[in-house]
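For reference, the structure is listed below as structure tokens.
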Amino acid sequence: FLCEKLGILPEEVMAEGDGGNDMSMLKYAGLAVAMQNAEKEVLAQADFITKSNDEDGAAAAVEKFVLA
């Protein structure tokens, strides 16, 4: 909903997840990032696997793809 409202295309979205509840978001996003310790189905959906939650994986992905 928010992407449509702001005119953001799916290919412009990066989503990060680790559980089955994140699957629809990861499928929608142009870049699907999974935490290293994610569930198997999430790892299979991911375009990129980052560090685990305990190793600040979300921050590492933002640094790599957004801030770089």
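Data table
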| read-out | value |
| --- | --- |
| All positions within the stretch 11-22 that are surrounded by 12 or more Cβ atoms within 10 Å (Cβ to Cβ) and over 19 Å from K64 (Cα atoms) | G19, G20, D22 |
| Helices (runs of 4 or more DSSP H) completely within the chain that count 1 or more residues being in contact with a Leu (Cβ under 6 Å, 6 or more places away or on another chain) | 40-45 |
| Condition met for M25 (at pLDDT 95 or above, over 16 Å from V66 (Cβ atoms) and either open to solvent by less than 60 Å² (accessible area, probe 1.4 Å) or not charged (D, E, K, R) (or both)) | yes |
| Residue tally, condition hydrophobic (A, V, I, L, M, F, W, C) and surrounded by fewer than 14 Cβ atoms within 10 Å (Cβ to Cβ), over the stretch 30-68 | 6 |
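Conditions (1) aliphatic (A, V, I, L, M); (2) closer than 23 Å to L2 by Cβ; (3) touching a Cys at 6+ places or on another chain (Cβ under 8 Å); (4) touching a residue at least 12 places away in the same chain (Cβ under 8 Å), marked per residue:
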{"residue": "G20", "(1), (2), (3), (4)": "no, yes, no, yes"}
{"residue": "S24", "(1), (2), (3), (4)": "no, yes, no, no"}
{"residue": "K27", "(1), (2), (3), (4)": "no, yes, no, yes"}
{"residue": "L31", "(1), (2), (3), (4)": "yes, yes, no, yes"}
{"residue": "E39", "(1), (2), (3), (4)": "no, no, no, yes"}
{"residue": "V42", "(1), (2), (3), (4)": "yes, yes, no, yes"}
{"residue": "D47", "(1), (2), (3), (4)": "no, yes, no, yes"}
{"residue": "D54", "(1), (2), (3), (4)": "no, no, no, yes"}
{"residue": "A60", "(1), (2), (3), (4)": "yes, no, no, no"}
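The values are calculated or read from the model by the stated rules, or taken from the named source; none is laboratory data. Source: prediction; values computed, not measured. Backbone-built Cβ (ideal geometry, glycine too); neighbour counts: all protein chains shown. Calculation scope for accessible area: heavy atoms of the full protein, side chains included, ligands and nucleic acids excluded. Shrake-Rupley method; radii C 1.70, N 1.55, O 1.52, S 1.80 Å.
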